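Working notes, structure below.
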Amino acid sequence: MVSPYLTAFDDIEDDDDGYLTGQLIVAMPGMGDPRFDKSVIYLCAHSEEGAMGLVINREIEELTFPDLLEQLDIEPAPGATPIRIQFGGPVESSRGFVLHSPDYLQDGTLVVDDGMALTATVDILRAIADGSGPTSRLLALGYAGWGPGQLDSEIKDNGWLHVEADGDLVFDTDLGSKWDRAMTKIGIDPFMLSDVAGHA
């Protein structure tokens with residue numbers, strides 16, 4: 001098994017001003033890609049260069065936080081609270097990211113907006129393991145990525161809806177309810193959605 005690892009950002013710009021950066025996109029029923037069925041994704045970056053985000057409602061059950069710490073030779077503090085490891089997306093599935101509240105910042109942290117930051121170094125795992133990490137956090141392996149114009153095209157084709165993000169939804173540990181809650185936040189009853197897009 002390849003040991004998951006976290007690396008510094010080399011393809012996300014801090015000055016990104018794409019119009020959906022910091023928002024959630026919510027998969028429409030029947031979008032056609034089973035990897036994203038009922039996914040809710042937090043967009044860390046979105047611009048004319050493409051987009052990058054993390055799925056926030058799917059757990060990886062095969063790997064636990066203690067397992068990950070052991071693989072990385074990190075000794076957790078006694079009584080440290082373990083966190084779930086989530087499926088962040090199908091791209092670079094062994095690369096780790098922590099989406100978190102901005103009360104923890106380091107040189108490698110990307111501040112997405114006032115309420116969210118993203119760190120992809122092993123140091124943040126050490127901080128979480130010893131109890132000094134961010135108050136709110138979500139650990140994901142892999143990410144969702146789109147090339148220039150690709151996400152915009154998928155949105156126009158009714159593959160995704162978008163809505164403002166909030167910490168209560170992003171960091172909630174009840175993963176199974178996030179898609180329904182995101183749809184409700186948009187103002188849509190999920191049961192009323194058709195998987196066939198209508199065109200006038």
State whether one or more residues within segment 126-134 are closer than 15 Å to Ile41 by Cβ and over 13 Å from the mean Cα position of the chain (by Cα).
no
Gln106 vs. criteria in contact (Cβ under 8 Å) with a residue 40 or more places away in the chain, among the polar types (S, T, N, Q) and out of contact with any Phe, Trp or Tyr (no Cβ under 7 Å at 6 or more places or on another chain)
no
Condition met for Ser153 (outside any loop (DSSP other than H, G, I, E, B), out of contact with any Leu (no Cβ under 8 Å at 6 or more places or on another chain) and among the hydroxyl-bearing types (Ser, Thr, Tyr)):
yes
Do any residues in segment 70-84 that are under 14 Å from Ser136 (Cα atoms) have Cβ atoms under 6 Å from those of residues that are of a type in the set (A, V, I, L, M, F, W, C) and at pLDDT 90 or above, where the two are at least six apart or on different chains, and which pairs are they?
Pro82/Phe65; Ile83/Phe65; Ile83/Leu139
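Residues checked against (1) in contact with a helix residue (DSSP H, G or I) (Cβ under 8 Å, 6 or more places away or on another chain); (2) closer than 21 Å to Arg126 by Cβ:
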site: Gly30; (1), (2): no, no
site: Arg35; (1), (2): no, no
site: Val40; (1), (2): yes, no
site: Ala45; (1), (2): no, no
site: Gly50; (1), (2): yes, no
site: Gly53; (1), (2): no, no
site: Ala77; (1), (2): yes, yes
site: Thr81; (1), (2): no, yes
Scan segment 17-29 and give yes if some residue there is on the phi > 0 side of the Ramachandran plot, under 13 Å from the mean Cα position of the chain (by Cα), modelled with pLDDT of 90 or more and not in a strand (DSSP E or B), otherwise no.
yes
Do we find that Leu139 is touching a residue at least 24 places away in the same chain (Cβ under 8 Å) and either part of a strand (DSSP E or B) or closer than 17 Å to Leu24 by Cα (or both) in this structure?
yes
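The values are calculated or read from the model by the stated rules, or taken from the named source; none is laboratory data. What you see is a predicted model, and the numbers here were worked out from it, not measured in a lab. Heads up, the Cβs are rebuilt from the backbone with ideal geometry, glycines too, and the neighbour counts pull from every protein chain shown.
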